[in-house]
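Asker: A single structure is presented below for examination.
A short reminder: the numbers here are calculations on the coordinates, not readings from a lab. Since the structure is predicted, the reported quantities are computational estimates derived from the model, not experimental observations. With ideal geometry, Cβ positions are generated from the backbone for all residues, glycine too; neighbour counts draw on all protein chains shown.
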Amino acid sequence: MTKQPFLNKIILYCLYKLNGDRTVSSVFHLLNGKKSSQTLQDIRLFGLSSFFKTFEPVSRPVLDIAVETLAESGLIEEISSLHYTVTEQGREEAGKLFSDFPFLTLLNGWKYQNTEVFWEKLSLLVQVASNLVHGVTSYVPVQKNADIQKWIKDFLRRQAFNRRKLGVVLYNELEAALASCRYVHPSVVTIRLTGSDFVGLTLKQAAKVLEMEETLYHYQFLALLHHLLGTAGRNPREFPVLTEISGGFDRKFSLTNSTRITMNLLAKGLSLDEIAYVRGLKISTIRDHVVELALNVDGFDISPYMDKKTEQAIISAAKRASSKQLKQIRSLVEHADYFQIRLVMAKYGDELFS
Amino acid sequence: MKINLEEFLQKKFQFANFRPGQKEVISSVLAGVHTVAMLPTGTGKSLCYQFPGYLLEGQVIVVSPLLSLMQDQVEQLKIMGEKRVCAINSFLTPREKYAVLSRLDRYKFIYVSPEMLHGERVLNSLKKLSPALFVVDEAHCISQWGYDFRPEYMKLGRIRKELGNPLTLTLTATATRPVIDDIICSLHLEEWQEYIYSVDRPNISLAVEIFNDGNEKLKRLFELTHFLRGPGIIYFSSKKMAEETAVALKDRGMDGVEAYHAGMDQESRVLIQQQFIKGQLQCICATSAFGMGINKDNVRYVIHFHMPLQPESYLQEIGRAGRDGDESIAILLYSPGDDALLDQLIQSEYPDKEQLDAFIQFLMQNPGAAADLRSYGQEICQAAGLTETQWRVTGDFYESRDFPNLDRFIAEFTLFIDNRKQFKQEKLKQMKAYVYSKNCRRERLLEYFAEKGAIKNNRCCDLCGMTLEPFIGNNVPSNFHGKTTVFDWRSHLAAILLES
């Protein structure tokens, strides 16, 4: 499969690990980093955490084409609609992915879910530092996100050392961290950086200049960023600036507007029925909102919807269930309804299957 | 108040001279007169309210319909060091919106999108201010004779009254006489000054080339980009064509060419735009999303691979050439096969019957959504399969007045759509008339805006005897987009972060 994009190798590997138990949609949600209870289960169950959220821009048609190509090359076979099993040849191919591409060992999508934010902060900080060093005062920031811009401003305010020195510190940290990577060439990240006098390249341009297929480049770029994050994490004293950039950042949880309204009404103490009535929506829609909240809001309280005993029963059922489908779990706790099971899965998805 | 305007311009904005029309409009505003201004693209319209803003007591409220343009202007003011600027638009989270509204009086420049003015809270907060100036940007949107009519703009007259009839400035780049009359009437201006400047940009030469089919056209594009002196912009009406042509040009050995369209991620858009401005790129294959708010002086050619739907847009897009005043050229490539695409563009701006049915069905199933339509944007677009533009048009119309029932809404909206489509077809006819004109093209364009007196020399247009010779030149190869230089990451990093 030399001519196929690198992404296909990843997809093949995921299907190989999923072992025909899941549909192509699981791969799709995994790579997109969808935080559904199902996906969270999958990555734990099948050991795919390094690939979580590593190809966010993957769209369904792109994935379908990739799967089709894999099937045509005899690497996978469709067993039932959208269910694929990996052929002997495919197993062989998938089995040597990590030895063929050792840089993938750097990848840890589950641990570094905020890589995008890290890159936004890093690229903007480098640009700001460069302009400070070269005395340029007006320029267009490469990152438009207001939260990121504010973070950088606060960061600069916190810094004890003089602003011109920031360039030197950043240079030393980046030089050391990039050079210490055994598997990915430092150009992969460096060429994307914007300075006072040079506008960084886009992903496509970088892949072209470095003569790499685009998805291979994308994974190398991600792996190198994960290497930076790991290096800073292990030696925070040597890499104070990188450590700060990689630090926690609350990306506002992404709720639909409609869910937000439900959240506000819940906070006012309305019941689900009342909310459905007030908003003129179906009760099932409101329930979907609540599950979405349980998934995205840390510490979301689900006690109004079931007692502690039911909650515990569902947790233990989920742990015992052989397949992780809702139907299976329900058969083990018959007094719980699907809404309650979905809520528990959403809230504890992370821990349930480790 | 006696002040030397040029000195202030230099001090505050670092410009040595006003561009045509700016000083007149600014003086009029400073004299406290309602001002209706039409300035051609590329003359820096925003200076007309930013400048007086600094000299007048109170806030400047700017109504602007284009979110991206609004964000650009806020950013540019911030780059200039102005912190007292905010934008009230749908990008704000409820919390941010609350924060902004609760200290509105601390801002100098308040940008607001028209749909936000419907909210009681926004309007009430604005009413507490004593604004120095009320600015209606892209004022042609007020008029149904404008090519970009926004029903929600019609309410601006009422809103202006509620704000206590503040001093008003309307700005547009392209408006025919009926549109200007509509602007004045809708805003209930009783006394006003008009500053109407010619839409003509004499340093841009005009040419049209007609082909039998798309292939011939493409071949000609390859030739033109090969010998024309850059930097240049090529406009397409489809993202796919813009992207494919950029690839084709690269494959033919052209250096420093990239595509730009709204479908790209934001980081790439910023980078491509900046690369072009800084001269790392020579040519952009773009959709109409490219160009707004971009200040690049030395664009030498603008080629239209697909023509826009109306002369107003055409003028705006070619107006991105030659802002430095040097000789530049605008070439329109046309083949009759384009008509189907253009027609489809008009159709796709509005929802069709099926989509409307789905929209109504959603409202019937979710009666609560009707009162708070904007919060359901995502769901509605999904349920009815609406594009962003279609949703904007539908939402705007729905909110533009109170409909007694859904049937009435559908009836009126359908009528509205039919009228708009017909109107757009008329505009398209004008574009075709430009393509097929027999006499001076400039005269033809100016006639559309009821202007007379085009320059008629051999640089004017192809029909006045212009040739392409003066526009031929070598393009400077850009740095390592081509593979001439080896990329050394350490020295690159050092160049960015260390003092030389």
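Asker: Treat each spin label as a single point 7 Å out from the Cα along the C-beta direction, and report the B:T93 to B:N165 distance in nm.
Answerer: Distance between label points: 4.3 nm.
Asker: Under a plain spin-label model, where a point goes 7 Å from the Cα along Cα-to-Cβ, how far apart in nm are B:C185 and A:K153?
Answerer: 4.5
Asker: Another question, if that's okay. For chain B, what is the charge dipole size about the Cα centre, in debye to the nearest 20, if Lys and Arg each add +1 at the Cβ and Asp and Glu each add -1 at the Cβ? Display every interim value, and only then the final one.
Answerer: Numbers: 58 positive and 63 negative charges, 220 e Å.
So the magnitude is around 1060 debye.
Asker: Looking only at the range B:381-420, which residues have a backbone nitrogen under 17 Å from a spot 7 Å from the Cα of B:D339 in the C-beta direction?
Answerer: Counting backbone N atoms under 17 Å from the label point, the list is empty.
Asker: If N is the number of residues in the range B:349-427, what value comes out of its Cα radius of gyration divided by 2.2 N^0.38 Å?
Answerer: On the way: Rg = 12.2 Å, N = 79, 2.2 N^0.38 = 11.6 Å.
For the range B:349-427, the normalised Cα radius of gyration comes out at 1.06.
Asker: I need the P(r) histogram for the range A:144-211: all alpha carbon pairs, bin width 10 Å from 0 out to the longest distance, whole percents.
Answerer: Result returned by the calculation: 17, 36, 38, 9, 0.
Asker: Over all alpha-carbon pairs of the range A:115-246, lay out the pair-distance distribution in 5 Å bins, whole %, shortest bin first.
Answerer: 2, 10, 20, 24, 22, 14, 6, 1, 0
Asker: Next question. For chain B, rounded, prolate or oblate, judged on the Cα gyration tensor with a ≥ b ≥ c (square roots of eigenvalues), a/c < 1.5 rounded, else prolate if a/b > b/c? Before the final figure, lay out the partial values.
Answerer: Values: a/c = 1.40, a/b = 1.23, b/c = 1.14.
Since a/c stays below 1.5, the shape of chain B is classed as rounded.
Asker: Would you tell me the mean number of C-beta atoms belonging to other protein chains that fall within 10 Å of each C-beta in A:165-177, as a whole number? Let's see the in-between values first.
Answerer: Working: counts 0, 1, 5, 3, 1, 4, 6, 2, 0, 4, 5, 0, 0.
Mean partner shielding for this stretch: 2.
Asker: Taking the Cα atoms only, what angle lies between the long axis of helix A:146-158 and the longest principal axis of chain A, rounded to 10 degrees?
Answerer: So the inclination is approximately 50 degrees.
Asker: Let me ask something additional. Summing +1 for each Lys or Arg and -1 for each Asp or Glu, what net charge is found among the other residues whose Cβ lies under 10 Å from the Cβ of A:A207?
Answerer: Details: positive: A:K204, A:K208; negative: A:E211, A:E213, A:E214.
Charge balance near A:A207 sits at -1.
Asker: Using the 10 angstrom Cβ neighbour count as an exposure proxy, how do A:H83, B:H34 rank, fewest first? Before the final figure, lay out the partial values.
Answerer: Details: A:H83 15, B:H34 21.
Final ranking by Cβ density, sparse to dense: A:H83, B:H34.
Asker: Additional query: If you place +1 on the Cβ of every Lys and Arg and -1 on the Cβ of every Asp and Glu, how big does the dipole about the Cα centre of chain A come out, in debye to the nearest 20?
Answerer: 980
Asker: I'd like to know which of B:M466, B:Q422, B:L446 lies farthest towards the positive end of the charge dipole of the range B:371-481, counting +1 on Cβ of Lys and Arg and -1 on Cβ of Asp and Glu.
Answerer: Of the listed residues, the answer is B:M466.
Asker: Once you have a ≥ b ≥ c as the square roots of the Cα gyration tensor eigenvalues for the range A:6-100, tell me rounded if a/c is under 1.5, and otherwise prolate or oblate according to whether a/b is larger than b/c. It would help to have the intermediate numbers written out before the result.
Answerer: Working: a/c = 1.42, a/b = 1.31, b/c = 1.09.
Here the range A:6-100 falls in the rounded category.
Asker: Then there's this: Please provide three numbers in whole Å: the alpha-carbon extents of the protein assembly as shown along the principal axes, with the largest listed first.
Answerer: Largest first, the protein assembly as shown extends 85, 67, 63 Å along its Cα principal axes.
Asker: Please give the FRET efficiency for A:D307 paired with A:N264, using the beta carbon to beta carbon distance and R0 = 30 Å, rounded to the nearest 0.05.
Answerer: Numbers: r = 26 Å, r/R0 = 0.86.
The formula returns an efficiency of 0.70 here.
Asker: Using a cut-off of 15 Å between alpha-carbon atoms, which aspartates and glutamates can reach B:K452, once sequence neighbours fewer than 8 places away in the same chain are excluded?
Answerer: B:D200, B:E443
Asker: Taking the Cα centre of the range B:76-235 as origin, sum charge times position over the Cβ atoms of Lys and Arg (+1) and Asp and Glu (-1), and report the length of that vector in debye to the nearest 20. Could you put the intermediate results ahead of the total?
Answerer: Values: 22 positive and 20 negative charges, 191 e Å.
In total the dipole reaches around 920 debye.
Asker: Shielding by partners for A:192-200, please: the mean number of other protein chain Cβ atoms within 10 Å of each residue's Cβ. Intermediate results must be reported in sequence, preceding the final value.
Answerer: Values: counts 2, 5, 6, 5, 3, 4, 9, 12, 8.
So the per-residue partner count for this stretch is 6.
Asker: Quick one: of B:K45/B:K161; A:K53/A:K96; A:K53/A:K153; A:K121/B:K278; A:K282/A:K327; B:K83/B:K421, which pairs are farther than 32 Å apart, Cα to Cα?
Answerer: Details: B:K45/B:K161 24 Å; A:K53/A:K96 22 Å; A:K53/A:K153 28 Å; A:K121/B:K278 23 Å; A:K282/A:K327 23 Å; B:K83/B:K421 43 Å.
Those over the limit are B:K83/B:K421.
Asker: Given R₀ = 25 Å, what would the calculated FRET efficiency be for B:I360 paired with A:I283, taking r from the Cβ atoms and rounding to 0.05? Let's see the in-between values first.
Answerer: Working: r = 22 Å, r/R0 = 0.90.
Rounded to the nearest 0.05, the efficiency is 0.65.
Asker: How far apart, in nanometres, would the label points at B:K429 and B:E194 be if each is projected 7 angstrom from Cα along the Cα-to-Cβ direction?
Answerer: 2.5
Asker: Next up: Once the convex hull of the alpha carbons of the range B:249-324 is built, what does its volume come to per residue, in cubic angstrom?
Answerer: Working: hull volume 7.8 nm³, N = 76.
Considering the Cα atoms of the range B:249-324, their hull volume per residue is 102 Å³.
Asker: Shifting gears a bit: Once every DSSP H run of n ≥ 4 in the protein assembly as shown is given -39500 (n - 2.57) and the sum is divided by its residues, what mean residue ellipticity at 222 nm do you get, rounded to the nearest 500 deg cm²/dmol?
Answerer: Working: 38 runs with 421 residues, N = 854.
-15000 deg cm²/dmol, from helical runs alone.
Asker: Taking each residue of A:258-266 in turn, how many C-beta atoms of other protein chains fall within 10 Å of its C-beta, and what is the average? Walk me through the numbers before you get to the answer.
Answerer: On the way: counts 9, 1, 3, 5, 0, 0, 1, 0, 0.
Average neighbour count from other chains, rounded to a whole number: 2.
Asker: On to the next question. What's the extension gain from A:L97 to A:S331 if we count 0.36 nm per residue and subtract their Cα-Cα distance?
Answerer: On the way: separation 234, 0.36 × 234 = 84.24 nm, distance 3.85 nm.
The A:L97-A:S331 span can extend by a further 80.4 nm.
Asker: Could you work out which residue, out of A:L326, A:L122, A:L166, moves most in a Gaussian network model of chain A, that is, has the largest mean-square fluctuation with Cα springs under 10 Å?
Answerer: Largest GNM mean-square fluctuation: A:L326.
Asker: Quick check on chain A: take the gyration tensor over C-alpha atoms, sort the square-rooted eigenvalues as a ≥ b ≥ c, and tell me if it's rounded (a/c under 1.5), prolate or oblate. Mind dumping the intermediate values first?
Answerer: Working: a/c = 2.22, a/b = 1.29, b/c = 1.71.
Taking the square roots of the gyration eigenvalues as a ≥ b ≥ c, chain A is oblate.
Asker: Something else now. Sort A:K165, A:K144 so the one with the fewest other Cβ atoms within 10 Å of its own Cβ comes first. Don't jump to the answer; show the numbers that get you there.
Answerer: Values: A:K165 14, A:K144 17.
Neighbour counts put them in this order, fewest first: A:K165, A:K144.
Asker: Another question, then. Could you tell me the calculated FRET efficiency between B:A494 and A:E68, based on Cβ-Cβ distance and R0 = 51 angstrom, to the nearest 0.05? Walk me through the intermediate numbers first.
Answerer: On the way: r = 47 Å, r/R0 = 0.91.
Efficiency for this residue pair is about 0.65.
Asker: Work out, in µm²/s and without decimals, the Stokes-Einstein translational diffusion coefficient of the range A:93-191 at 4 °C, 1.567 mPa s, Rh from Kirkwood over C-alpha pairs.
Answerer: Details: Rh = 15.7 Å.
In µm²/s, the coefficient rounds to 82.
Asker: Quick check: residue separation of B:K353 and B:I455 times 0.36 nm, minus the Cα distance between them. What number comes out in nm? If you can, show how the numbers build up before the last one.
Answerer: Numbers: separation 102, 0.36 × 102 = 36.72 nm, distance 4.79 nm.
Extra length from B:K353 to B:I455 when fully extended: 31.9 nm.
Asker: Return A:K121, B:K452, A:K153, B:K78 ranked ascending by Cβ neighbour count within 10 Å, so the fewest neighbours appear first. Walk me through the numbers before you get to the answer.
Answerer: Values: A:K121 24, B:K452 8, A:K153 11, B:K78 15.
Lowest count first: B:K452, A:K153, B:K78, A:K121.
Asker: Of A:S25, A:S187, A:S99, which has the largest mean-square fluctuation in a 10 Å C-alpha GNM of chain A?
Answerer: Result for chain A, Cα springs under 10 Å: A:S99 fluctuates most.
Asker: Would you mind computing Rg(Cα) / (2.2 N^0.38 Å) for the range A:257-352, counting N as its residues?
Answerer: 1.10
Asker: Go through B:336-343, B:111-118 and give me the packing order, highest mean Cβ count within 10 Å leading. Can you show the working numbers first?
Answerer: Numbers: B:336-343: 14.2, B:111-118: 20.4.
The densest-packed peptide leads the list: B:111-118, B:336-343.
Asker: Which order do the peptides B:275-286, B:429-440 take when ranked by the mean count of other beta-carbon atoms within 10 Å per residue, highest first?
Answerer: Working: B:275-286: 22.5, B:429-440: 15.0.
So the order, starting with the most tightly packed, is B:275-286, B:429-440.
Asker: I would also like to ask the following. Could you tell me what fraction of 2.2 N^0.38 Å the Cα radius of gyration of the range B:306-350 comes to, as a two-decimal ratio?
Answerer: Details: Rg = 13.2 Å, N = 45, 2.2 N^0.38 = 9.3 Å.
For the range B:306-350, the normalised Cα radius of gyration is 1.41.
Asker: Mind checking which of A:Y338, A:Y13, A:Y277 has the largest fluctuation in a GNM of chain A, springs on alpha carbons under 10 Å?
Answerer: A:Y277
Asker: I'd like the GluC sites (Glu not before Pro) in the range A:144-252 restricted to DSSP loop residues with at most 15 other Cβ atoms within 10 Å, sorted by number. Show your work: numbers first, answer last.
Answerer: Values: sites: A:E173, A:E175, A:E211, A:E213, A:E214, A:E238, A:E244; in loops: A:E211, A:E213, A:E238.
Listed in order of number, the matching sites are A:E211, A:E213, A:E238.
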